[in-house]
Amino acid sequence: MEITPAIIILIIAVFSVVQSLFGVGLLVFGTPTFLLLGASYAESVGYLLPSSLLLSSIQAHGFRDKIRIARGVVLYAMPFVFFGLLLSIDVVQHSFILAIVGATMLLLSLMRIIGVEKISKEIIKFDRSFLVITGFIHGISNQGGALLTVLMGSIYSDKEKVRTNIAFAYLLFGLSQLVVLLWLKVDVISWMSIVYGLVTVLLYQLVGKSLFQSINMNTFDLIFTGFMIIYGILLLTPVILNYMEIL
């Protein structure tokens, strides 16, 4: 299937609204959507990264007093985001990326079903290790955002603090990914990226802000987890079928 600018804008528009609520969503769901449509992992990151950076910047701006996670992300997560993306572009095959993203989504769905409050104490004990793991998973699969929701939910109870710290961490993750793409000269970011970014900003201003204040987050959390399970299954199914054919 040919991925046209119209399809890219539609995908970015839908998941920008999701990210407006949670601080994550554009990469968590946008990446597997593009992979299912036949894009490479590098292409998927390139389509989504400019919009994600813009949206994260807007969500983190003006809330400096609420950000507590910056030092840990810079020291423990960012180097592994860099390494994970480098590995996924240069070494890992497309089918393996599908398997990694699908398995990660199912695992994170299970963590969300178990409940943040039941694992929060363990996460806080090993927060540095958790940041290292989150950084690497984000680099190799773009699914670090879902892990960030677990980490931030274990540290903060205020939803604005949760979203702001997730957005700031996402911003630093995205900058690491941008450095890798520019360093490897991966031709996936173009002038159309500006258009995608403008769509994201417009939707956030028109829809995201008001939804964030009014939506029942428990209900939306269930929907979020449900979509992660569905995407995980969709990504893993062709990999498993292909493996069975080889056997």
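Worth pointing out:
Okay, residues lined up against (1) in contact (Cβ under 8 Å) with a residue 24 or more places away in the chain; (2) surrounded by 22 or more Cβ atoms within 10 Å (Cβ to Cβ); (3) more than 17 Å from the chain's Cα centre (by Cα):
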| site | (1), (2), (3) |
| --- | --- |
| V73 | yes, yes, no |
| Y76 | yes, no, yes |
| F83 | yes, no, no |
| L87 | yes, no, yes |
| D90 | yes, no, yes |
| I97 | yes, yes, no |
| M105 | yes, yes, no |
| S109 | yes, no, no |
| R112 | yes, no, no |
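- Taking helices (runs of 4 or more DSSP H) as the structural unit, those lying wholly within the range 14-133 and holding at least 2 residues that are farther than 26 Å from S190 by Cβ and modelled with pLDDT of 85 or more correspond to 78-90, 94-114.
- Contacts under 7 angstrom Cβ, first residue in the range 1-13 being more than 16 Å from L55 (Cα to Cα), partner modelled with pLDDT under 90 and assigned to a loop (DSSP other than H, G, I, E, B), 6 or more apart: M1/G38; I3/A39
The values are calculated or read from the model by the stated rules, or taken from the named source; none is laboratory data. Here the structure is a predicted model, which means the values were calculated and not measured. With ideal geometry, Cβ positions are generated from the backbone for all residues, glycine too; neighbour counts draw on all protein chains shown.
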